[in-house]
Each structure stands twice: as structure tokens, then as C-alpha cells.
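Rule-based calculations on the coordinates, nothing more; no lab input. Just so you know, these numbers come straight off a predicted model, no measurement behind them. As a convention, Cβ positions derive from the backbone with ideal geometry for all residues, glycine included, and neighbour counts pool all protein chains shown.
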Amino acid sequence: MSVETHRDKKGQLALLPAAFFGACPQCGVHSIFGEILHSNPASFMPKCKNCDLDYSSFNVGDGPAAFLTFIMGALIVTLALTVELSFYPPFWVHIILWVPFTIIMTIMSLRIAKGALLILEYRNQAKEAVSDDVKVMDGSKEGNDA
């Protein structure tokens with residue numbers, strides 16, 4: 001199944017395929033992340049290599065890391081306990097199984113989560129609020145600071 005089959009009505013990739021493939025939210029080229037074997041495989045590239053969209057202007061932060069720590073921790077502990085109670089393998093088998101699995105799953109899920117947040121920020125034109133935005137939203141007028 002190709003990436004092209006996952007496009008929505010506006011011609012954009014659907015969120016999950018776009019995040020999974022690291023597609024630029026503007027042009028769709030797979031350019032959000034660098035190589036997986038790079039020193040930090042879950043960090044964004046500075047800009048899109050095709051359309052020059054500046055990825056540094058997006059504020060994804062560390063929210064996905066904290067959230068995924070709980071999910072991955074629960075998943076790995078559950079799987080490790082299931083293997084232990086079903087097969088009673090020696091301790092070295094757990095090390096060989098769970099250390100690489102944890103590293104690979106954490107990096108891949110972090111790339112998907114950070115990519116999804118960047119794409120959503122772009123599609124929703126999210127930005128930090130400034131004082132003028134807050135005044136407009138709460139209905140107050142300039143000079144009426146009571």
C-alpha cells in the first residue's frame with residue numbers, strides 16, 4: 001500500500017501515515033527527521049529539504065517523551081512478566097529481548113508522536129499566544145484593564 005492512498009480531501013496525508021513516515025506537513029516529502037542511526041534519531045531536521053519549511057519554529061517540546069515513558073514502561077513490564085511467568089527463561093534472555101525492544105520501540109514511538117504533534121501544529125496554525133490574542137479572546141478592550 002503506497003503513501004498516496006492515505007491522502008485526505010485536501011490532498012494532505014492523513015495524520016498517522018504522515019507522522020509514521022515523517023512527512024513534511026506542507027509538501028509531504030519525508031523530511032521531518034534525519035536518519036534513524038543519527039546521534040539523536042528523534043530530533044527534527046532544521047528545515048524541509050524540499051519546500052524549506054522551518055521546523056524549528058514549531059514547539060513540540062518533551063510532552064511526548066513523558067507520555068510515552070508511561071505507555072512503553074507498562075507495555076514492556078507486562079510483556080516481560082508474561083514471558084517470565086509462561087516460560088521461566090534465564091535472566092540473560094530477558095536482557096537480550098527487552099533492552100533492544102525497549103530502545104527500538106521508544107525511538108519509533110517518539111518519532112511518530114513528535115511528528116504527529118508537529119503536523120497538528122502546522123495544520124491548526126498553532127502558535128504561542130501573545131497579550132493581544134488574550135485580550136481579543138476574553139472580549140476586553142484596550143484601556144479597560146479593570
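Could you tell me the calculated FRET efficiency between Lys47 and Asp132, based on Cβ-Cβ distance and R0 = 22 angstrom, to the nearest 0.05? Please report the intermediate quantities before stating the final value.
Working: r = 28 Å, r/R0 = 1.28.
It comes out at approximately 0.20.
With each pseudo-label sitting 7 Å past Cα toward Cβ, what's the Thr82-Ala65 distance in nm, one decimal?
Between Thr82 and Ala65, the label points sit 2.9 nm apart.
With contacts defined as alpha carbon pairs under 8 Å and 6 or more residues apart, what's the relative contact order of segment 3-126 in percent?
32 percent
Spelling out what I want: for every residue of segment 85-97, take phi, set θ = phi - 60°, compute 6.51 cos²θ - 1.76 cosθ + 1.60 (Karplus), and round to whole Hz; glycine and proline get x.
6, 8, 10, 6, x, x, 4, 5, 5, 4, 5, 5, 6
List the residues, sorted by chain then number, that are 5 or more residues from Lys47 or on another chain and whose placed amide H is less than 5 Å from its amide H.
So Lys47 has HN proximity to Tyr55.
Where the only charges are on Cβ atoms (+1 Lys, Arg; -1 Asp, Glu), what is the dipole of segment 3-126 about its Cα centre, to the nearest 20 debye? Before the final figure, lay out each step's value.
Numbers: 8 positive and 8 negative charges, 59 e Å.
Here the size comes out at about 280 debye.
Pop out the ³J(HN,Hα) list for segment 98-107 in order, Karplus 6.51 cos²θ - 1.76 cosθ + 1.60 with θ = phi - 60°, rounded to Hz; leave Gly and Pro as x.
8, 5, x, 4, 5, 5, 5, 5, 5, 5
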